[in-house]
Amino acid sequence: MSTNLPTPLLEAKAVAKHFGGVKALRDVSLTIRHGEIYGLIGPNGAGKTTFFNCMTGLYVPDGGGFTFDGAPLVADAPQHAAARGIARTFQNIRLFGNMTALENVMVGRHVRTRAGVIGAMLNTSATRAEEAAIRQRAIDLLHYVRIEDRAGDLAKNLSYGDQRRLEIARALATEPKLLCLDEPAAGMNATETEELRELIEGIRDDGTTILLIEHDVKLVMGLCDRVAVLDYGALVIEDVPAVVQKDQRVIEAYLGA
Amino acid sequence: MSKWLNPRSAFGITLIAVALLGLPFVAAMGGQAWVRILDFAILYVFLALGLNIVVGYAGLLDLGYIAFYAVGAYTWALLASPHFGLHLPIWAILPIGAALACLAGVLLGSPTLKLRGDYLAIVTLGFGEIVRIFMNNLNAPVNITNGPQGITLIDPVAFGDFKFSGNTQLFGLTLSGPMKYYYLLVALAILVVIINLRLQNSRIGRAWQAIREDEIAAKAVGINTRNIKLLAFAMGASFGGIAGGVFAAMQGFVSPESFSLMESIMILAMVVLGGMGHIPGVILGAVLLSILPEALRYGVGPIQMALFGKMMVDPESLRMLVFGLALVLVMRFKPAGLWPSPERKRELSEKRTEGKA
Ligand SMILES: Nc1ncnc2c1ncn2[C@@H]1O[C@H](COP(=O)(O)OP(=O)(O)OP(=O)(O)O)[C@@H](O)[C@H]1O
Ligand SMILES: [Mg+2]
């Protein structure tokens, strides 16, 4: 609410997106500050995932746009979003199923490394050094999300919870400034959710800003510094959890008034 | 890397090397025709490994691969034959052929990048046919390809005075033309195996596999899917171009007939039947599918004569029958190919134990 803050990490300005007659996003404006855990909640079909997709370049918004880290984001170019420092996970997990867990994370290093075909064919010392660094970093990240013992297994053979963790490790491998998690706790039991919560807090403490979509209101309110609520594609409120929780419009949206 | 140093692999490699060196002499006992069959088997290994980059790694279903082979073959034919009176050396022609094929790959790749699966297959199929028809018709108004008659009297591969056609005496052994080509092809095939291996475990190779597995997720981690797919097309096409050049030199003759859709399908079948994306599997697929039909061709006739005293079935049609049957059986019982990668195999066996538990 205060105005004399440093420039935000992400600023969405009047982002609009519609699919035929469905207005999935109606002029959504919000700001995410450096170092916070920012929650994005709302009933099913509210437009949360659509917001992610617009931000990460999978969809081109029909109106408005994003400023990230001081410069505008190019629409329709997911690879640029990743290069700029936005990483994401998917609501319906999207791993590289027939690659090992380790390889999945190694792919995440793609955007921060440069070896090309010629280097690989000639197996130059620069390529070998980079390859070793990629591998080491990927192993470290598997340790970080605590699935190092599954490194050699195909991603599709991992348990559901481990797949969620692997997706986070792959996203972290791109060295994001902003990590966007789309319902990471979906389908998890209480213990798994608690472990996930610790993981997310750890990632934030290590310096990555987090945008979290989640249906588990308890998790969101306990974890997030600020929360935005979407309903029918429109932003209802953006504030600290204590305020959001008491807001009449939010209560109505969730109770289906 | 230390894998290479352990004595068992060293022994295995020595064994394979001796077998590869001795093979043409064994084949030659059955006549030079068998050495030529071997030559083609190795050439198909080369082609299949090139296609493996596109289909196996990047997961792009390419049914027009033979077009790049054609580009390479015609490049050699035009630059080293009396047709234009040009006789460029191998170190000039092969790179030109590879570069032209690479260009053709990019030409095919760029408009088709948004297509996947079946749609891509149809467009590439069309592309393969277009190239063949071009070769067929580029004899008027200016005669470039000599049309359906093809180009004859193509120069053989030669390094200085050493020609790969005709017999050579070496250490008291007589090496025939096909035998010399065999060694050249084996050397090239080993090179392409090494390149395939290195690409597979590289940043680009992983990006290809990521696109194959999930293109949206690949984009989300920052892979420029358009460029990386184009690269796969270009790499695969270059290998096709090199193979085509050697083919033209070895045959001494090219005509559009050699570059039919059936050839594209054959090479694709080698990759799929052997084990997509798994180098030993692809090699096995290429060797089996190139040698078995020939063995049938030479074997079936005499056997029928011996058993029935007359020809019951035309060996040529039996060949296609057996080929089709083999494909159906493999796809039914070994859907991942005859020799899939260990990961895929482990996954299958895991499923089996899960089923029992
Ligand atoms: N690609 C698409 N084509 C057509 N309609 C879409 C598309 N993506 C989303 N929608 C529609 O836009 C609206 C918002 O969907 P979105 O997936 O963003 O909701 P959400 O808030 O993520 O919901 P959930 O909590 O169920 O994940 C829905 O009505 C949905 O049907
Ligand atoms: Mg959603």
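Within segment A:122-129, not a single residue is facing another protein chain (nearest Cβ under 10 Å), crowded, with 22+ Cβ neighbours inside 10 Å and under 21 Å from residue B:228 (Cβ atoms). Residue under question is residue B:189, and the condition is that it be crowded, with 21+ Cβ neighbours inside 10 Å and at the interface with chain A (Cβ under 10 Å from one of its Cβ atoms); does it hold? Criteria not met by residue B:189.
One residue alone among A:216, A:225, A:205 is over 14 Å from residue A:101 (Cβ atoms), within 16 Å of ligand 2 (Cβ to nearest atom) and out of contact with any His (no Cβ under 8 Å at 6 or more places or on another chain), and that residue is A:216.
Within segment A:101-116, the residues that satisfy the criterion of being at the interface with chain B (Cβ under 7 Å from one of its Cβ atoms) and surrounded by fewer than 20 Cβ atoms within 10 Å (Cβ to Cβ) are A:113, A:115, A:116. State all residues of segment B:179-228 that are in contact (Cβ under 8 Å) with a residue 24 or more places away in the chain, basic (Lys, Arg) and either closer than 20 Å to residue B:282 by Cα or part of a loop (DSSP other than H, G, I, E, B) (or both); if no residue qualifies, say none. Hit for segment B:179-228 is B:212, nothing else.
Quick grid of which residues meet (1) among the hydroxyl-bearing types (Ser, Thr, Tyr); (2) in contact with an Asp or Glu (Cβ under 7 Å, 6 or more places away or on another chain); (3) more than 14 Å from every other protein chain (Cβ to nearest Cβ):
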site	(1), (2), (3)
B:217	no, no, no
B:233	no, no, no
B:241	no, no, yes
B:258	yes, no, yes
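Evaluation of residue A:156 against the conditions (1) at pLDDT 95 or above; (2) basic (Lys, Arg); (3) farther than 27 Å from residue A:10 by Cα shows that the sole unmet condition is (1). Of the candidates A:92, A:104, the single residue that is within 23 Å of residue A:227 (Cα to Cα) and among the polar types (S, T, N, Q) is A:92.
Residues in segment B:265-291 that are assigned to a loop (DSSP other than H, G, I, E, B) and either among the hydrophobic types (A, V, I, L, M, F, W, C) or under 16 Å from residue B:236 (Cα atoms) (or both): 3 in all. Filtering A:236, A:227, A:244 for residues that are part of a helix (DSSP H, G or I), more than 25 Å from residue A:134 (Cα to Cα) and in contact with a strand residue (DSSP E or B) (Cβ under 6 Å, 6 or more places away or on another chain) leaves a single hit, A:244.
When residues in segment B:293-330 are screened for being surrounded by 12 or more Cβ atoms within 10 Å (Cβ to Cβ) and among the aromatic types (Phe, Trp, Tyr), 2 of them pass.
For segment A:184-202, a tally of residues being within 16 Å of ligand 2 (Cβ to nearest atom) and of a type in the set (Gly, Ala, Ser) returns 3. When the residues of segment B:275-292 are filtered to those that are among the β-branched types (Val, Ile, Thr) and over 11 Å from the mean Cα position of the chain (by Cα), the one that is surrounded by the most Cβ atoms within 10 Å (Cβ to Cβ) is B:279. Can you say whether residue A:243 is more than 30 Å from residue A:110 (Cβ to Cβ) and within 16 Å of ligand 1 (Cβ to nearest atom), as far as the supplied structure shows? No: the conditions fail for residue A:243.
If you take the residues in segment A:130-176 that are acidic (Asp, Glu) and either under 19 Å from the mean Cα position of the chain (by Cα) or within 10 Å of chain B (Cβ to nearest Cβ) (or both), which one is farthest from residue B:203 (Cα to Cα)? First the steps, then the outcome.
From segment A:130-176, those acidic (Asp, Glu) are A:130-131, A:140, A:148-149, A:153, A:162, A:167, A:175; that's our starting set.
Narrowing the set further to residues that are either under 19 Å from the mean Cα position of the chain (by Cα) or within 10 Å of chain B (Cβ to nearest Cβ) (or both) leaves A:130-131, A:153, A:162, A:167, A:175.
On the way: A:130: 9, A:131: 8, A:153: 19, A:162: 24, A:167: 19, A:175: 17 Å.
Within segment A:130-176, the match that is farthest from residue B:203 (Cα to Cα) is A:162.
Within segment A:141-159, residues that are under 14 Å from residue A:96 (Cβ atoms) have Cβ atoms under 8 Å from residues that are aromatic (Phe, Trp, Tyr) in these pairs: A:155/A:96, counting only partners at least 6 apart in sequence or on another chain. If the condition is being closer than 18 Å to residue A:8 by Cβ and surrounded by 17 or more Cβ atoms within 10 Å (Cβ to Cβ), then segment A:223-244 contributes A:224, A:226, A:227, A:228, A:235, A:238.
Tell me yes or no: at least one residue of segment A:173-183 is within 16 Å of ligand 2 (Cβ to nearest atom) and touching an Asp or Glu at 6+ places or on another chain (Cβ under 7 Å). Yes, segment A:173-183 has at least one match. Considering only residues that are away from ligand 2 (no atom under 16 Å from the Cβ) and touching a Ser or Thr at 6+ places or on another chain (Cβ under 7 Å), which ones fall in segment A:16-65? Across segment A:16-65, the qualifying residues are A:32, A:34, A:35, A:36. When residue B:60 is tested against (1) assigned to a helix (DSSP H, G or I); (2) crowded, with 22+ Cβ neighbours inside 10 Å, exactly one condition is not met: (1). The residues listed here are B:159, B:164; of these, the one that is more than 8 Å from chain A (Cβ to nearest Cβ) and either touching a strand residue (DSSP E or B) at 6+ places or on another chain (Cβ under 7 Å) or free of Cβ contacts under 8 Å to residues at least 40 places away in the same chain (or both) is B:164.
Would you confirm, using the coordinates I've provided, whether residue B:85 is of a type outside the set (S, T, N, Q) and surrounded by fewer than 24 Cβ atoms within 10 Å (Cβ to Cβ)? It is true that residue B:85 is of a type outside the set (S, T, N, Q) and surrounded by fewer than 24 Cβ atoms within 10 Å (Cβ to Cβ).
The values are calculated or read from the model by the stated rules, or taken from the named source; none is laboratory data. Note that the structure is predicted; figures quoted are calculated from it, not measured. Backbone-built Cβ (ideal geometry, glycine too); neighbour counts: all protein chains shown.
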